[in-house]
Amino acid sequence: MNVLLIYPEFPDTFWSFKHALKFIRKKASFPPLGILTVAALLPPEWNMRLVDLNVTHLTRQDLEWADYVFISAMAVQRESVQQVIQQCQQAGVKTVAGGPLFTGEPELFDAVDYLVLNEAELTLPMFLEDLAQGCPQHIYTTSEFPDIRKTPIPLWELADLRQYATMNVQFSRGCPFNCDFCNVTALFGHYPRIKTAAQIIAELDSLYDLGWRDAVFFVDDNFIGNKRYLKSELLPAIIEWRKDKTGFLFHTEVSINLADDDELIDLMVRAGFTKVFIGIETPDEDSLTECHKRQNKGRDLVADVKHLQRAGLQVDAGFIVGFDHDNPSIFQRQIDFIQKTGITTAMVGILQALPGTKLYERMKKEGRLQGITSGDNVNGTTNIIPNMGIETLHEGYKYIMEHIYSPKYYYERVKTLLREYKPPEIHAPLTFTYIMAFIRSIFRLGIFGKERRYYWDLLLWTLFRRPSLFPMAVTLAIYGHHLQRMCELHIM
């Protein structure tokens with residue numbers, strides 16, 4: 001059996017970091033973890049090839065080789081998915097599809113031969129059994145959640161790891177919280193299911209054995225959902241593992257209540273975690289109540305962010321405008337909060353209603369749904385009718401983005417972060433790739449860039465005030481270039 005695993009292309013978005021990747025000569029931020037895990041669940045005697053459309057092209061020869069095409073995708077990849085399905089139909093090759101996009105909107109993909117939905121550990125074996133007996137069904141689904149302690153190591157060897165900026169692993173699925181706009185609990189449940197520390201170490205070993213020495217992103221929607229296991233098992237195991245390893249630094253997503261647990265913060269930093277993404281959403285208490293973001297309520301969010309920064313964790317964050325309780329003052333309040341905290345990568349989006357969420361059901365009941373989401377929560381679109389009026393919301397959103405990603409205010413935020421940030425004892429080695437990125441930044445940002453005045457000011461300021469953070473300052477300048485380009489192309 002010849003199986004072609006296809007990962008559709010991401011559009012050029014804030015999240016793609018396409019313009020930043022050019023500085024390090026990489027084609028994509030991450031390899032397709034989901035479909036590489038699916039590959040490990042397929043019969044080992046099958047012949048498998050990966051075509052990641054973010055790093056290469058799909059050819060007719062690829063499709064002629066394949067008996068089946070497996071596709072995994074998220075909503076933001078919808079346009080590329082449709083193109084892939086059409087190419088497969090023209091080539092006469094059968095398609096098998098799964099992942100968040102197809103699980104959330106199966107009714108939109110009748111052209112797919114076999115929909116293997118929810119989590120593959122449960123539904124893929126059902127499909128494979130029927131396929132072996134010659135009677136596969138059109139759709140496979142389940143309401144149960146698998147034990148991911150049985151999930152195999154992804155087949156990294158199918159991917160060209162040189163094309164990616166960061167590797168990714170998964171420790172847990174599910175989140176203990178209940179934010180009404182988030183589809184994580186609809187997909188994966190409220191109870192965080194976890195892998196064992198031995199599994200994670202085995203996955204890290206597999207990457208190390210393949211020569212990887214750079215950043216690794218834990219893709220958990222809330223890495224700290226099971227604090228007890230992190231403290232007693234996983235983080236101590238990673239700390240021990242890193243003693244004779246070089247080059248591995250970790251990033252992940254957490255909830256803001258991490259700021260309450262200094263023991264956990266310390267363990268994460270010692271284990272090599274340097275950056276966390278947090279869903280802050282809004283500084284407005286009424287809007288937090290509205291969306292059931294209880295873990296963010298009644299807190300000094302600015303102090304929490306700075307506490308994490310001072311401990312050695314850079315904070316990136318997500319923000320939302322367009323809640324029913326928002327009024328036009330929210331736009332300036334969001335700007336003020338972002339600037340004050342020094343959150344450099346502030347992903348601000350308009351509220352969208354995703355299938356399977358409580359927000360979606362409420363908007364549907366109130367007659368306020370308008371089509372499907374784009375899957376890109378930072379492109380200024382929404383599929384709901386907002387209380388404040390769509391024109392007011394769009395203008396306010398544009399005002400936020402033009403402000404926070406103008407060179408003047410972005411570079412101010414970088415300085416605010418560098419003043420607060422305490423560099424951990426664990427540092428990434430100074431590689432040739434980084435040196436070349438710095439040289440390219442001099443030409444693209446320091447000589448020809450619109451931000452050149454602010455770029456040189458930041459570098460000189462850092463050299464004199466926080467010289468140990470100079471590599472971080474250069475990296476943030478490059479990130480800013482991408483974010484500014486995205487604003488110019490999609491917002492301004």
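The values are calculated or read from the model by the stated rules, or taken from the named source; none is laboratory data. All of these numbers come straight from a predicted model, not from anything done at the bench. A quick note on method: Cβ atoms are made from the backbone with ideal geometry, for glycine too, and the neighbour counts reach across all protein chains shown.
A few comments on the model shown:
- Only one of the numbered conditions (1) of a type in the set (Gly, Ala, Ser); (2) in contact with a Gly (Cβ under 8 Å, 6 or more places away or on another chain); (3) over 24 Å from Ala477 (Cα atoms) is not met by Ala428, and that is (3).
- For segment 385-433, a residue qualifies if it is over 24 Å from the mean Cα position of the chain (by Cα), under 28 Å from Gly449 (Cα atoms) and hydrophobic (A, V, I, L, M, F, W, C), and the qualifying residues are Leu430, Phe432.
- Restricting attention to segment 22-46 and to residues that are among the small types (Gly, Ala, Ser) and outside any helix (DSSP H, G or I), the residue that is surrounded by the fewest Cβ atoms within 10 Å (Cβ to Cβ) turns out to be Ser29.
- Residue in segment 360-369 that is within 25 Å of Asp316 (Cβ to Cβ), at pLDDT 90 or above and assigned to a loop (DSSP other than H, G, I, E, B) present: no
- One residue from Val276, Val254 being in contact with a Ser or Thr (Cβ under 7 Å, 6 or more places away or on another chain), β-branched (Val, Ile, Thr) and modelled with pLDDT of 95 or more: Val276
- Flag not set for Arg60, criterion: closer than 16 Å to Asn2 by Cα, touching a Leu at 6+ places or on another chain (Cβ under 9 Å) and among the basic types (Lys, Arg).
- Of all residues in segment 163-176, none are touching a Ser or Thr at 6+ places or on another chain (Cβ under 7 Å), more than 30 Å from Val55 (Cα to Cα) and surrounded by fewer than 17 Cβ atoms within 10 Å (Cβ to Cβ).
- Test: residue in segment 429-452 that is closer than 20 Å to Gln339 by Cα and not assigned by TED's automatic domain parsing to the domain that holds Asp266: yes
- Any hit, segment 386-404, residues being in contact with a Leu (Cβ under 6 Å, 6 or more places away or on another chain), in a helix (DSSP H, G or I), free of Cβ contacts under 8 Å to residues at least 60 places away in the same chain and not aromatic (Phe, Trp, Tyr): no
- When Ile148, Ile153, Ile201 are checked against the criterion of being buried (at least 20 other Cβ atoms within 10 Å of the Cβ) and of a type in the set (Val, Ile, Thr), Ile148 stands alone in meeting it.
- Residue under evaluation Gln137, criteria (1) in contact with an Asp or Glu (Cβ under 9 Å, 6 or more places away or on another chain); (2) in a helix (DSSP H, G or I); (3) over 26 Å from Gly371 (Cα atoms), criterion not met: (2)
- Looking only at segment 164-193, residues that are touching an Asp or Glu at 6+ places or on another chain (Cβ under 8 Å), in a helix (DSSP H, G or I) and not aliphatic (A, V, I, L, M) come to 1 in all.
- Filter pass, Gly247 being of a type outside the set (Ser, Thr, Tyr), at pLDDT below 95, in the same structural domain as Val184 (by TED's automatic domain parsing) and not in a helix (DSSP H, G or I): yes
- Pair list, Cβ < 7 Å and 6+ apart or interchain, from segment 321-335 residues that are on the phi > 0 side of the Ramachandran plot to residues that are outside any helix (DSSP H, G or I): Gly322/Ile350; Gly322/Leu351; Gly322/Thr382; Gly322/Pro386
- Segment 119-134: number of residues that are surrounded by fewer than 12 Cβ atoms within 10 Å (Cβ to Cβ) and not in a loop (DSSP other than H, G, I, E, B): 2
- The number of residues in segment 63-104 being more than 13 Å from Val3 (Cα to Cα), crowded, with 17+ Cβ neighbours inside 10 Å and in contact (Cβ under 8 Å) with a residue 60 or more places away in the chain comes to 16.
- For segment 327-359, the tally of residues that are assigned to a loop (DSSP other than H, G, I, E, B) and touching a strand residue (DSSP E or B) at 6+ places or on another chain (Cβ under 8 Å) stands at 6.
- Hey, Arg49 touching a strand residue (DSSP E or B) at 6+ places or on another chain (Cβ under 8 Å), outside any loop (DSSP other than H, G, I, E, B) and basic (Lys, Arg) or not: yes
- Whichever residue in segment 185-198 is surrounded by 20 or more Cβ atoms within 10 Å (Cβ to Cβ) and not hydrophobic (A, V, I, L, M, F, W, C) and, among such residues, is farthest from Ile153 (Cα to Cα): Thr185
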